[in-house]
């Protein structure tokens with residue numbers, strides 16, 4: 001079952017609207033506690049004090065691939081955003097800049113939230129992200145800036161989100 005959220009129709013909050021269900025587990029989240037500090041050899045993010053950051057640490061450090069780089073390497077996105085519609089075609093460059101800016105803002109604070117790939121699929125653009133929050137953030141930014149129709153689908157039992165925006 002999927003937990004669908006429509007942004008156009010507000011409804012009173014309920015327990016079923018929580019973003020995470022009890023059974024949702026991210027298979028890319030480390031099962032072991034990494035030693036401090038640990039640097040990702042691919043992107044240079046650093047695991048320090050229980051979280052991934054962009055801090056600079058002196059050598060020597062441990063090395064282990066971060067979950068975002070692992071997802072990218074395996075081609076398994078956590079978020080899939082599809083952008084379509086005639087408005088998108090007419091404002092493509094502007095929308096692509098919005099995507100880049102939202103990624104930059106999110107990535108500064110949360111190193112594991114990145115755009116993995118953007119792919120043209122017919123008249124639509126598919127944006128794949130390493131985290132569910134970035135896909136949602138871009139979808140919200142599109143909706144706030146240009147209105148249109150935004151549809152969010154959190155997949156139960158999985159750490160994945162599908163976001164569709166069109167206008």
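The values are calculated or read from the model by the stated rules, or taken from the named source; none is laboratory data. For clarity, every value in this text was computed on a predicted model and none was experimentally measured. Every residue, glycine among them, receives a Cβ derived from its backbone with ideal geometry; neighbour counts consider all protein chains shown.
General observations
- Hey, residue 117 farther than 30 Å from residue 35 by Cβ, in contact with a helix residue (DSSP H, G or I) (Cβ under 6 Å, 6 or more places away or on another chain) and at pLDDT 95 or above or not: no
- Members of region 53-88 that are closer than 15 Å to residue 126 by Cα and loosely packed, with under 13 Cβ neighbours inside 10 Å: 75
- Looking across region 32-51, the residues that are under 18 Å from residue 73 (Cβ atoms), touching a residue at least 12 places away in the same chain (Cβ under 8 Å) and out of contact with any helix residue (DSSP H, G or I) (no Cβ under 8 Å at 6 or more places or on another chain) come down to 34, 38, 39, 41, 47.
- Residue, farthest from the chain's Cα centre (by Cα), within region 114-124, restricted to residues that are closer than 21 Å to residue 68 by Cα and not in a loop (DSSP other than H, G, I, E, B): 119
- Tally of residues being surrounded by 17 or more Cβ atoms within 10 Å (Cβ to Cβ) and outside any strand (DSSP E or B) across region 149-167: 3
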